Amino acid sequence: QNCLSLPLAVCMLCVFIVCVDLHTQVSAVHQFDAAVSNALRANTVWANGTRTFDEVFTHLDFWTWVEDGLVDSMWSRESQSGQEDWRNWDRLLQYNKIIGAIRFEQTRSSSEECSTGIGLSTYYGSCHPLETNSQDSFGREGWRGTPGFVYSEESSSYSLWCDAMAEPSYIREKIRHLRQGQWLDAFTNDIVVHFSLYNPEIAFGLLSDVTIRFTFSRGGQVLSEAAAQSLLVQQYLHKEALMVDMLFVGCLVYLVLKEGQLIIPILRGKKSPVNVQIDYIHVVDQV
């Protein structure tokens, strides 16, 4: 009897695989995410094109990368053909439109006494544990309380929003404002450049959440990563996807009813101890 249920199980597995492929478009989404991540690494070069995203080692390197690499890439006024075109002002790799603002977000640690235990903290000063979280306003005098230097409950970070359609010179001024106010210092845990992309060219349209993260470890190393996570805009653009989903739900309902006929007598105690022991294994297997 159990062997007779194998065709249904195989059918259900095949339908499930088709459902996943239709709703996730794994191959197309992976290619898109990889293209965006690789572009951010390769195109945001700095130091006259000699250094890349992965070669940010110090605070000074970070600011140079933002001004010379990120701004030139994200606020480019030229199309891929080299001609200035306003329709490409908020585009990444020509086809990907930036949705909303480009956000600079920072999390910060608080100041604590170093737990050396042998009195050496007087030679070092206070420590900045990564596991702590500060929500206090900071920055130089005159910068405290300005955008970027005030904690935002909405984003759980210190954030500055930049318009993707703004002039590059205006964005550089905002970056210099952060730099001069000492936005990046010893208390910085990590900085995330965060934005969203829309691409209607792939599959049924993709929305992507893109993050560029720099983590400032307390050993002095700067860890960098760029990642894009995408999903389909329209799940049921074609009726075939809905039909496959209905078929999967039908198989699932049939399986529940069929297995319920075997499980319910066990729960009601209508079988002998030997059969109950065997069938409980069957119940666990089905769960």
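For the reader, a short list of remarks on this structure follows.
- Failed item, numbered, when PHE216 is tested on (1) out of contact with any Pro (no Cβ under 9 Å at 6 or more places or on another chain); (2) within 20 Å of ILE99 (Cβ to Cβ); (3) surrounded by 21 or more Cβ atoms within 10 Å (Cβ to Cβ): (2)
- Residues that are among the hydrophobic types (A, V, I, L, M, F, W, C) and surrounded by 15 or more Cβ atoms within 10 Å (Cβ to Cβ) were ranked within segment 234-261; the one that is farthest from the chain's Cα centre (by Cα) is LEU255.
- Tallying residues that are among the aliphatic types (A, V, I, L, M) and out of contact with any Phe, Trp or Tyr (no Cβ under 6 Å at 6 or more places or on another chain) within segment 153-192 yields 7.
- Subset of segment 168-184 (residues that are open to solvent by less than 40 Å² (accessible area, probe 1.4 Å) and in a loop (DSSP other than H, G, I, E, B)): GLY181, TRP183, LEU184
- Being open to solvent by 20 Å² or more (accessible area, probe 1.4 Å), among the polar types (S, T, N, Q) and over 18 Å from GLU67 (Cβ atoms) holds for only one residue in SER152, SER157, and it is SER152.
For (1) open to solvent by 30 Å² or more (accessible area, probe 1.4 Å); (2) assigned to a loop (DSSP other than H, G, I, E, B); (3) without any contact (Cβ under 8 Å) to a residue 24 or more places away in the chain, each residue gets a yes or a no:
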residue	(1), (2), (3)
ILE98	no, no, no
ARG103	yes, no, no
GLN106	no, no, no
LEU130	yes, yes, no
ALA166	no, yes, no
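The values are calculated or read from the model by the stated rules, or taken from the named source; none is laboratory data. Small disclaimer: the values here were computed from a predicted structure and weren't measured. Please note: Cβ atoms are built from the backbone with ideal geometry, for glycine as well, and neighbour counts cover all protein chains shown. The area values use the complete protein model at the heavy-atom level, side chains included, leaving out ligands, DNA and RNA. Shrake-Rupley method; radii C 1.70, N 1.55, O 1.52, S 1.80 Å.
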